[in-house]
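J.: Let me give you the structure first, and then I'll get to my questions.
The values are calculated or read from the model by the stated rules, or taken from the named source; none is laboratory data. Note that this is a predicted model, so its numbers are computed, not measured. A quick note on method: Cβ atoms are made from the backbone with ideal geometry, for glycine too, and the neighbour counts reach across all protein chains shown.
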Amino acid sequence: MGLRDVLFGRKKLKDPARERLFAISTARITLESELDLKPAGAAGVCFKSLSAGEFVRAENELQQLLEAVAGESGSKVERHTDEMGFEWFVVRDGDFEDLVTTVHLIANELQDRGFGPQLLAALFPFEGKFKEGRVYWIYGFKRGAFWPFVPTGKDQERDNAEELELKAKLEQELPIEQDLTRWFGLFDAPL
Amino acid sequence: MKRKAYGRDAGLTLRMILTSSLLGLLYVAFALALFYVFNAGLVLMLVIVIGLAVFQYYTSDKLALRASGAKIVSPEEAPQLHAMVERLAAMAELQKPRVAMVDTDVPNAFATGRNQKHAVVAVTRGLWDRLDEREIEGVLAHELTHIANRDVLVMTVASFFAMLAALLTRFGLYAGMFGGFGGGNRDSNNNSVPIWLIVIVVSFVTYIVSWVLIRTISRYREYAADRGSALITGAPEYLMSALQKISSQMTLIPQRDLREVEGMNAFFIIPARVKEGVSELFMDHPPLEKRLAALERIAREMGRPVS
């Protein structure tokens, strides 16, 4: 936030920071070799749909986006609306590099179509061989940083100890959100 | 009414008396200095400040509740919490205080109110969710001891002159900027040093020194409250683990969903914040290691297992 924003108030929402998203591609190797965590073959992009008045235009845009992404990448992409009224693009791809590229492409397309400021987060689930439940890395577009999210499966509980361990292990490779009070979860994501 | 002192600690009492008397001495010196250089308007100012202090003292419970966003909860809304407070208050020979909850993720607790009748204990949702029952009891007993020790009264008195000094510093600054103190005593400005400057300097020094002393007293009260908690619950190890949990990094991690938070902040315009408001349990508190060490000593005295 610049001085002008401080003086006159923010007039524009911040555009998303997309580029640091690719860091997860390299972090994946450490996740697998040191923590035995493998990508679950899917990822999600979460954003807030526009107000009702824009609904028709937004619908058209999103449909076009879906087609454009399907044409450009080999990944499977679906659309979901969750109980909290947020929109999701769920990407499925066995190849992790392609998965991340498609997520980045979706973020790009959303921004080009004017959804940039509504772009909330990308979600990357990982699975362990000896582990029940999944471990997630959330990428916050607003902050341009990742944070770990390990739900225990019981209500809205999460395993903070494991999350902090994940942070410690990947500090070198991922741009991790240093403000722990911003590590919000994404419970019951549609993927 | 007979006040019950929890766990006499001769050294602590001595240090408290020492600091309090230092503070008293400082205030007397401050008052004399004020009176000497500056006599007109003093009465008025004293009336204002005393009025403010009295107001603060009598509304301390409401002010603290308002400032922290705590809401009084009924026994129906929070039966477990009420039962716990009731039990502990009985142990501490206190009237049962009102019970409040603060809707925030940050684990914390505070007690306020000028006397037993007006006392309130408040816990945050984060504290209630993250600590187990015995640990919450330890924290509640700590807060109840603050009530038993009448810490609101002690701190109000202690900070009274600091308030006065702060106010005078500001008055002095305005007077300096707009010329003349109280209008009437222009002729006294013949001195080489203007009065408002002396007032500012004296007030400022008083403010700084009293601030340090107040912090020191406040820290001693915390040790006393920790000791009280140990005696009420009979198990200081739970307060120890509660303190460790509260101060650990983990408690910074929110329990809410990103969408929920972003939904509340209409379209991301206002940055999401969970860390606002109360930090009472750690404000002006001694360092954690020292508190733990003191509690460990108590635990050993009581013959409790300490890991």
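J.: Cβ contacts < 7 Å: first residue within 20 Å of A:Glu72 (Cα to Cα) and within 14 Å of chain B (Cβ to nearest Cβ), restricted to the stretch A:108-127; second residue of a type outside the set (Phe, Trp, Tyr) and in a strand (DSSP E or B), any location; separation 6+ or different chain. Result?
T.: Pairs that qualify, where the first residue is within 20 Å of A:Glu72 (Cα to Cα) and within 14 Å of chain B (Cβ to nearest Cβ) and the partner is of a type outside the set (Phe, Trp, Tyr) and in a strand (DSSP E or B), are A:Ala122/A:Ala43; A:Ala122/A:Gly44; A:Ala122/A:Val45.
J.: If you don't mind, another one. Of these, A:Phe184, A:Phe146, which one is of a type outside the set (Ser, Thr, Tyr) and facing another protein chain (nearest Cβ under 10 Å)? Talk me through it step by step, then tell me what you get.
T.: Details: A:Phe146 fails: facing another protein chain (nearest Cβ under 10 Å).
After applying the criteria, what remains is A:Phe184.
J.: Right, here's the next one. Somewhere in the stretch B:138-150, is a residue modelled with pLDDT of 90 or more and either surrounded by fewer than 17 Cβ atoms within 10 Å (Cβ to Cβ) or of a type in the set (Asp, Glu) (or both)?
T.: Scanning the stretch B:138-150, I find at least one residue that is modelled with pLDDT of 90 or more and either surrounded by fewer than 17 Cβ atoms within 10 Å (Cβ to Cβ) or of a type in the set (Asp, Glu) (or both), so the answer is yes.
J.: Looking at the stretch A:174-187, I want the residues that are in contact (Cβ under 8 Å) with a residue 12 or more places away in the chain and have a partner that is assigned to a loop (DSSP other than H, G, I, E, B) and of a type in the set (Phe, Trp, Tyr) with Cβ atoms under 8 Å, at least 6 apart or on another chain. Which pairs are those?
T.: Short answer, once both residue conditions are applied: A:Glu177/A:Trp183.
J.: Could you check the stretch B:219-258 and list, in sequence order, the residues that are within 14 Å of another protein chain (Cβ to nearest Cβ) and closer than 22 Å to B:Arg300 by Cα? Walk me through how you get there before you give the answer.
T.: So the first thing to find is which residues in the stretch B:219-258 are within 14 Å of another protein chain (Cβ to nearest Cβ), and the list is B:244-258.
Scanning the stretch B:219-258 gives B:Gln244, B:Lys245.
J.: Against the definition (farther than 30 Å from A:Glu162 by Cβ, modelled with pLDDT under 85 and among the basic types (Lys, Arg)), how does A:Arg79 come out, yes or no?
T.: no
J.: Could you count how many residues in the stretch A:166-181 are away from chain B (no Cβ under 14 Å) and either in a helix (DSSP H, G or I) or modelled with pLDDT under 90 (or both)?
T.: Qualifying residue count for the region: 4.
J.: Please find, within the stretch A:70-95, the residue that is nearest to the other protein chains (Cβ to nearest Cβ) out of those that are more than 26 Å from B:Glu260 (Cβ to Cβ), surrounded by fewer than 20 Cβ atoms within 10 Å (Cβ to Cβ) and more than 14 Å from the chain's Cα centre (by Cα).
T.: A:Lys76
J.: If only one of A:Arg134, A:Arg113 is of a type in the set (Lys, Arg) and over 17 Å from the mean Cα position of the chain (by Cα), which one is it?
T.: Step by step, each of A:Arg134, A:Arg113 is checked, and only A:Arg113 is of a type in the set (Lys, Arg) and over 17 Å from the mean Cα position of the chain (by Cα).
J.: I'd like to verify a number: residues in the stretch A:149-165 that are more than 12 Å from chain B (Cβ to nearest Cβ) and modelled with pLDDT of 90 or more, how many?
T.: 0
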